[in-house]
Amino acid sequence: DTTSAGIPRSLAPFFQEYDLEQLDPLAHGRLIMERTLAHGDRRELRWLFERYGKSALREWVRASGARRLPWRRYNLWCVLFELPPARRAERRGVWPY
């Protein structure tokens, strides 16, 4: 089951602050990539890859993934897209200043 724009309705829990029917895959592509890469299941990820293509998703992960994805998912996508290993910023205690 999909919206009129072709977005799987099963993604609705990840877009609670949006009306899924109003999302446009072209205009809101970065948002859709972020939420689906972060939370999507295999079927939803298959749709994402068919919709945007591997190169666009790889580029999004390279440019924005470290800031926008949960750490474990970001690491997974770095491995699958053959990107350099993920690195966390070094922490210097509770109050680093």
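Data table
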read-out: Environment charge of Gly40, counting only residues whose C-beta is closer than 12 Å and scoring Lys/Arg +1, Asp/Glu -1; value: +3
read-out: Carbon plus sulfur fraction of accessible area for region 2-58, probe 1.4 Å, in percent; value: 49 percent
read-out: The chain, accessible area per residue, ligands and nucleic acids excluded (1.4 Å, Å²); value: 71 Å²
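The values are calculated or read from the model by the stated rules, or taken from the named source; none is laboratory data. Everything numeric in this text was worked out from a predicted model, so none of it was measured. Here Cβ is always computed from backbone atoms with ideal geometry, including for glycine, and neighbour counts include all displayed protein chains. What goes into the accessible areas is simple: the full protein's heavy atoms, side chains included, and nothing from ligands, DNA or RNA. Shrake-Rupley method; radii C 1.70, N 1.55, O 1.52, S 1.80 Å.
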